[in-house]
Amino acid sequence: MDITLSITKIIMYFIIYSFFGWIMESVLKTLIQKKLVNSGFLYGPICPIYGFGAIIMFLFLNSFKGQIILLFLISFFILSTWEYIVGWLLEKIFNTKYWDYTQNKFNIKGRVCLLNSLFWGILGVIFIEYIHPFINSKIELIPKEHLFFITTILSIIIVIDVIITTIKVKNITLKLENLKELTNTIKEKLEQIENKQITLDNIQEKIDDLKIRQAKIKRKLIKQTNRLKKAFPTMKSDIMEKLNELINQKIENIRKDKEK
């Protein structure tokens, strides 16, 4: 088979199954949360974890077609491992836990759990036995030139989405760093007060400015993280909450000291 055609098909499979995964997760989370949810890390209607998972399945599991039990067990372990790796990578890259299964029984560091792994096993069987053969038969009907054109356009759109999403998430990290800087500034001013290097009156304007800046950053962070929190209800990133609490606490302490 033409290698260009093979690569094009694999990319198209990735796009299709990423889209199907997005539909499945969005519908499920919409029903659970009782409000419309755009699931997934990206802005577009795709969940790449499903696309990559699908590629792993049809590349490595297709030879087990017809062997249901074996197919289930292999899917169970391979896809669970994949979910764990993706969870770990997202935590390391963005310092945020986008899903957390610690409340579920038999979980491993909250990244995978038995219930989800059973789902992966069942999905692997259904995918290899029914879904992929059907999708593959439809892809075969598309002329090579048309398939290449469609795949190229969709790939460009996805790459742009990945770039935009990554920039926005990184901006969240930058804003968190700004909050850290504000916290350190307040600590320095408190130390200066304790050492009687400055008076409360001298830093009143500075504190008010810090509070205004902190409120602006907080509003932007809430707006930027709102979509992610809907898409990942169990997402954990308590840095912002801790920093806000610390800043408010320090400002309140200064206010109280001045009123004495």
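Ordered from largest to smallest accessible area (heavy atoms of protein chains, 1.4 Å probe), the residues T81, T185 come out as T81, T185. Computed in the context of the full set of protein chains, the accessible area of the range 34-113 at 1.4 Å probe radius has 69% of its extent on carbon or sulfur. In this structure, the pairs whose alpha-carbon distance is over 23 Å, taken from K65/K105; K34/K216; K97/K170; K9/K138, are K65/K105; K34/K216. Entry comment: accessible area of the range 39-113 is 52 Å² per residue, from protein heavy atoms only and a probe of 1.4 Å. For the range 14-135, the Cα gyration tensor yields ellipsoid semi-axes of 23, 18, 14 Å (square root of five times each eigenvalue, largest first, whole Å).
Accessible area of W99 (1.4 Å probe, protein heavy atoms only, ligands and nucleic acids ignored): about 40 Å². So how far, in whole Å, is the C-alpha centre of the range 1-22 from the one of the range 72-109? Between the Cα centres of the range 1-22 and the range 72-109 lies a distance of 24 Å.
The values are calculated or read from the model by the stated rules, or taken from the named source; none is laboratory data. Given the structure is predicted, the values throughout are model-derived calculations rather than measurements. We work out accessible area using only protein heavy atoms, side chains counted, and drop any ligands, DNA or RNA first. Shrake-Rupley method; radii C 1.70, N 1.55, O 1.52, S 1.80 Å.
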